[in-house]
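The values are calculated or read from the model by the stated rules, or taken from the named source; none is laboratory data. Since the model is a prediction, treat every value here as computed from it, not as a measurement. In this analysis, Cβ positions are derived from the backbone assuming ideal geometry, glycine residues included, and neighbour counts consider all displayed protein chains.
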Amino acid sequence: MRPSSPAPTLHHMAATETRLLLLGTVMLFEPVNGYQLRRELLSWQVEDWAHVNPGSIYSGLATLARQGNLARHDLVDGSREVAVYTSTPLGRREFEKLWRAAVETPDILSPLPFHTGMALMPLMSRTAVREALRARLANLDANARAQLAQERPAEAVPPHVLVLADLWMGMGQTEREWLVNLMARVDRGDFGLRGEPADWEAPADDPGWQMANDRQRYLELISRKG
């Protein structure tokens with residue numbers, strides 16, 4: 001039993017997921033400066049689960065701005081100069097494309113895209129989330145049928161590989177059950193998705209509150225500059 005498609009290279013995976021993560025977090029907190037974004041992502045422990053090198057955050061922001069996916073605003077904030085970022089229409093379209101691909105494409109051996117997409121689910125509308133989860137379920141079932149069709153006789157496969165195949169099949173079944181439950185929660189209105197009231201508020205000591213205060217000041221500075 002093999003994964004249904006060749007796994008992407010580590011470099012490609014890191015670049016794609018970092019791109020999705022940076023676009024999404026800018027959309028969540030814009031206008032936002034690079035230091036704030038780095039601090040927020042480190043609080044998410046992205047270096048552990050998303051394999052994002054903290055040092056790559058600044059270079060990733062610069063690349064996305066150069067490509068037109070983000071807009072960089074060089075502001076004078078009191079006595080200091082600061083670069084803050086906002087999303088662009090091109091960047092928002094790119095985010096949605098990457099998000100849908102990450103959520104709709106199951107890969108048991110490379111779950112990072114899906115995990116990244118789920119962390120940014122509130123940026124998508126309920127309709128879009130529902131469609132993507134249904135597509136993932138259909139693709140998961142299609143992959144399972146394809147694997148069954150390709151099964152080789154047990155005597156033709158080394159025993160240790162059969163054990164691994166059992167693990168992969170179990171992981172696939174567990175994800176399917178989890179996905180059906182998640183879809184039911186989305187259908188009944190759980191989670192605060194795009195365009196809806198938030199269903200969670202950060203604790204009082206969360207640095208996000210300071211980011212919210214800075215956001216209002218940055219918006220005023222950008223409007224004056226414009």
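Descriptive notes on the structure:
- Residue within the range 188-206 that is surrounded by 12 or more Cβ atoms within 10 Å (Cβ to Cβ) and in a helix (DSSP H, G or I) present: no
- Restricting Arg145, Arg100 to those that are among the basic types (Lys, Arg) and either over 30 Å from Gly170 (Cβ atoms) or in contact with a helix residue (DSSP H, G or I) (Cβ under 6 Å, 6 or more places away or on another chain) (or both) reduces the list to Arg100.
- One residue stands out in the range 65-110 among those that are touching a residue at least 24 places away in the same chain (Cβ under 8 Å) and of a type in the set (D, E, K, R): the one that is nearest to Met124 (Cα to Cα), namely Glu96.
- Residue in the range 67-86 that is out of contact with any strand residue (DSSP E or B) (no Cβ under 6 Å at 6 or more places or on another chain) and part of a helix (DSSP H, G or I) present: no
- Restricting the range 87-121 to residues that are hydroxyl-bearing (Ser, Thr, Tyr) and in a loop (DSSP other than H, G, I, E, B), the residue that is farthest from Arg38 (Cα to Cα): Thr105
- Hey, Val129 exposed (fewer than 15 other Cβ atoms within 10 Å of the Cβ) and among the aliphatic types (A, V, I, L, M) or not: no
- Residue match in the range 161-180 (condition: surrounded by 13 or more Cβ atoms within 10 Å (Cβ to Cβ) and assigned to a loop (DSSP other than H, G, I, E, B)): no
- Within the range 146-174, the set of residues being at pLDDT below 70 and under 21 Å from Asp107 (Cβ atoms) comprises Leu148, Ala149, Gln150, Glu151.
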